[in-house]
Amino acid sequence: MTTTIRDTVTAEVTDDVPDTATTLRALDPLSVAAGKHLDHLRVARVDWIRVTKVAEEAGEVVGALIKLQEGRAEFEDVRSELGDVFLAALAAADQLGLRPSDVVADRWKVVSTR
Ligand SMILES: [Mg+2]
């Protein structure tokens, strides 16, 4: 049986994820870089435009999954589009002046208790 990344990571995860914000701090400069990249691409620095890109990329990952099921795409296409979702979310955080490490950590505190 093949060992997946989920198997590997699950073995490392405990129920208590200590100091999630610190663990995620490396995302903060990537968020700023993603925002600057959108500047480079001349995407307007307008909240709704940059936040809407998250939905645009989410649609693309769903599209890639549909194509994968139809045999018209590879799993790598899904992976790439999912990466775009993360990057768009990081750029949206930059646009809104938020630290993604804090946003994710704060939400994890709530969501993980459900
Ligand atoms: Mg995309």
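Straight-distance candidates among the lysines for linking to LYS36, with alpha-carbon spacing under 24 Å and chain neighbours fewer than 8 residues away dropped: LYS53. Could you list which residues have their amide H under 5 Å from that of ALA73, counting only those 5 or more apart in sequence or on another chain, with H placed in the peptide plane? The answer is LEU68.
Annotation for HIS37 and LEU98: the two label points, set 7 Å from Cα along the Cα-Cβ direction, are 1.9 nm apart. If only the Cβ of Lys and Arg carry +1 and only the Cβ of Asp and Glu carry -1, the dipole of the chain around its Cα centre is close to 340 debye.
For the chain, the residue among VAL61, GLN95, THR23 whose Cα projects farthest onto the positive side of the dipole built from Cβ charges is GLN95.
Given just the C-alpha atoms of segment 45-114, how large is their convex hull per residue in cubic angstrom? Dividing the Cα hull volume of segment 45-114 by its residues yields 102 Å³.
Where a number appears in this text, it was derived from the coordinates with a stated rule and is not lab data. Since the structure is predicted, the reported quantities are computational estimates derived from the model, not experimental observations. Please note: Cβ atoms are built from the backbone with ideal geometry, for glycine as well, and neighbour counts cover all protein chains shown.
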